[in-house]
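Shown below is the structure under consideration.
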Amino acid sequence: MSLLDRVRACQDFNPDDYLAFLVDGRQVGRIRAENIVELADFGDVFAFEGGNVLLRGHIHGFAARTEAMDTVTRELRDRGLISGWREEAYPVGTGYSDPALFDMERAAVPFFGVRGYGVHVNGWVAGPDGPAMWIGRRALHKPTGPGLLDQMVAGGQPSGMALLENVVKECHEEAGMDEALARRAKPVGAISYLTERAEGLRHDVLFNFDIKVPADFTPVNTDGEVAEFLLWPIERVMEELATRETFKFNSALVIIDFLVRHGFVDPETPGYTDIVAGLHR
């Protein structure tokens, strides 16, 4: 087991198992072939042509698409095909900076293989013996990764909210952090991956932030989504990543990115180039 294994665990994808999901001639997702039988019941919403799934052309415009997809996804939820419903809208489009074609319930994103976005905040502390990192343990009632280790703060990127504003919100909810401190979070890049998971196809981009917190700061959860916080030396974090499967799959990648950027994983590390390349799918 190694850091490279963590990266490769997020590369489990066979394109032959999927059909492209097109909206107005643009691909926005991938739908597993075995799920097409479920979508066939929605002939007024989807067409099936040339090995692709198309949102029908008469469903035009942001509002109409959002309404049609809401009807479909709620029915799929009732059939037990979509779990972890949150009533949280995610934008669906061809790229983060492009206008959204419609909004869709967050829990439905993996079923349709559309790109999801999130913000992850590495909270770290400078100490006499080197840096330490705040690690959060996810609450047991979380729909994904219950009980697994995570960043100090992490959350999905909902529709209609700027990235930094989401960071401020999540820092308050998950770590009890005031706005002044949260706004010191520095954007440091992004990771991306395309991998099959139990909930469906995860095609995500995570925007990463680092925040150096004062030594006397202790995160306190306010929304019930974090069971506990742990302050670990970087060496302990690296050992945990390399020897145990206790971190949520994508949170492991965020930490590996931190380790690369801060020089704890360097070009002499076995598999270095594959690690770096694998953080950006």
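Antiparallel versus total DSSP beta bridges in the chain: what percent is that, nearest 5? Can you show the working numbers first?
Values: 42 of 57 bridges.
Here the antiparallel bridges make up roughly 75 percent for the chain.
Working out 0.36 nm times the residue gap between Ala33 and Arg86, then minus their Cα-Cα distance, what length gain in nm do you get to one decimal? Write down the numbers at each step before the final one.
Values: separation 53, 0.36 × 53 = 19.08 nm, distance 2.55 nm.
In short, 16.5 nm is gained.
Evaluate E = 1/(1 + (r/R0)^6) for Phe42 and Thr94, where r is the Cβ-Cβ distance and R0 equals 30 Å; express this FRET efficiency to the nearest 0.05. Provide the component values of the computation, followed by the final result.
Numbers: r = 22 Å, r/R0 = 0.75.
Efficiency for this residue pair is about 0.85.
So what's the gap between the Cα centers of the range 221-257 and the range 8-65, to the nearest angstrom?
34 Å
Per q in 0.13 Å⁻¹, report the Debye log10 I(q)/I(0) for the chain, using one uniform scatterer on each alpha carbon and no solvent.
Normalising to I(0) and taking log10 leaves -0.89.
Find how much the distance from Ala277 to Arg184 grows on full extension, using 0.36 nm per residue of separation minus their present alpha carbon separation; answer in nm with one decimal.
Numbers: separation 93, 0.36 × 93 = 33.48 nm, distance 2.83 nm.
Computed gain between Ala277 and Arg184 is 30.6 nm.
Continuing with the same structure: Mind giving me the FRET efficiency for Asp129 and Arg197? R0 is 45 Å, r the Cβ-Cβ distance, nearest 0.05 is fine. The partial results should precede the final answer.
Values: r = 37 Å, r/R0 = 0.82.
Step by step, r from the Cβ atoms, then E = 0.75.
Next question. Glu228 to Glu245: extension gain in nm, 0.36 nm per residue of separation minus the Cα-Cα distance?
4.3 nm
How high is the relative contact order of the range 1-56, in percent, with contacts defined as C-alpha pairs under 8 Å that are six or more residues apart? Please report the intermediate quantities before stating the final value.
Working: 56 pairs, mean separation 17.5, N = 56.
Relative contact order here is 31 percent.
Taking R0 as 41 Å, what FRET efficiency do you get between Asn52 and Glu165 from their Cβ-Cβ distance, rounded to the nearest 0.05?
On the way: r = 36 Å, r/R0 = 0.88.
Computed FRET efficiency for Asn52 and Glu165 comes out at 0.70.
What is the range 111-187 by shape, rounded, prolate or oblate, if you read a ≥ b ≥ c off the alpha carbon gyration tensor as root eigenvalues and call it rounded for a/c under 1.5, prolate for a/b larger than b/c, and oblate otherwise?
Values: a/c = 2.02, a/b = 1.31, b/c = 1.54.
Verdict is oblate for the range 111-187.
Could you work out [θ]222 nm for the chain from helices alone, using -39500 (n - 2.57) per DSSP H run of at least four and dividing by all its residues? Round to the nearest 500 deg cm²/dmol. Walk me through the numbers on the way to the answer.
Working: 9 runs with 78 residues, N = 281.
Taking each H run of at least 4 residues, the total per residue is -7500 deg cm²/dmol.
Quick note: the coordinates plus some simple rules give every number you see, no bench work behind them. Keep in mind that this is a model prediction, so the values were computed, not measured. Virtual Cβ from ideal backbone geometry, glycine too; neighbours counted across all protein chains shown.
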